[in-house]
Amino acid sequence: MQTYNGSCHCGAIRFSFESETITEGLSCNCSFCERRQALMLPFMLAPEQLEIEVSGDALSCYQFGNKVAKHYFCNKCGIYPFHETMRKPGHYRVNLGCVDEIDSFTLPRTVFNGRELL
Ligand SMILES: [Zn+2]
C-alpha cells in the first residue's frame, strides 16, 4: 500500500488516501467531463478511505442531470479535487492531476462512456 496526498491549487482543500500503486487513470466522455478533461482515479474510494481536509467554506459542489453525482470544486481556485460518483453514491474518485505523487501526463488512460448514462 502507498499513501497518496493531494490538494487543489491554492491548498484550501487537501486529501489523502492509501491504495495499491496507481498505474492508470480514467477519463469520462460525458458532457461535464469532456469540458473538465480530468484524469481520475480508476477505482472508487469508500468514504472512510478518503481523508478530506477543507479550510473554511472553500468546498463547493456542482450537480447536473439526475443530480446523483456531486462534483466538488474549490471556490477559491476553481480546481476539482474529487467527486462522489453516480454509479456508487457516497463513494469517491479523485482528480489524479491533484495528487503529488502522480504525474498524470504519463499514465495510460481508459475512457469511460459516461455519455451513455446522461
Ligand atoms: Zn483551492
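The values are calculated or read from the model by the stated rules, or taken from the named source; none is laboratory data. Since we're looking at a predicted model, the values are computed, not measured. Quick reminder, even Gly has a Cβ in these numbers, built from the backbone with ideal geometry, and neighbours come from all protein chains shown.
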Residues that are in contact (Cβ under 8 Å) with a residue 40 or more places away in the chain, crowded, with 18+ Cβ neighbours inside 10 Å and in a strand (DSSP E or B): does segment 47-54 have at least one? no
Across (1) within 17 Å of Tyr4 (Cα to Cα); (2) in contact with a Phe, Trp or Tyr (Cβ under 9 Å, 6 or more places away or on another chain); (3) polar (S, T, N, Q), Thr106 clears everything bar (2)
Taking segment 6-25 as the region of interest, how many residues are within 21 Å of Cys74 (Cα to Cα) and away from the ligand (no atom under 15 Å from the Cβ)? 2
Determine which single condition Glu24 fails, assuming it passes every other condition in (1) among the acidic types (Asp, Glu); (2) in contact with a strand residue (DSSP E or B) (Cβ under 8 Å, 6 or more places away or on another chain); (3) exposed (fewer than 15 other Cβ atoms within 10 Å of the Cβ); (4) without any contact (Cβ under 8 Å) to a residue 40 or more places away in the chain. (4)
Restricting to segment 61-118, give me the number of residues that are assigned to a loop (DSSP other than H, G, I, E, B), among the aliphatic types (A, V, I, L, M) and in contact with a Pro (Cβ under 7 Å, 6 or more places away or on another chain). 1
Exactly one of (1) closer than 22 Å to Asp103 by Cα; (2) modelled with pLDDT of 95 or more; (3) in contact with a Ser or Thr (Cβ under 8 Å, 6 or more places away or on another chain) is unmet by Met1. Its number? (2)
Expected single match for surrounded by fewer than 17 Cβ atoms within 10 Å (Cβ to Cβ) and of a type outside the set (Ser, Thr, Tyr) among Gly97, Gly90 is Gly90
Looking only at segment 29-46, and only at residues there that are over 16 Å from Phe73 (Cβ atoms) and outside any loop (DSSP other than H, G, I, E, B), the one that is modelled with the highest pLDDT: Leu45
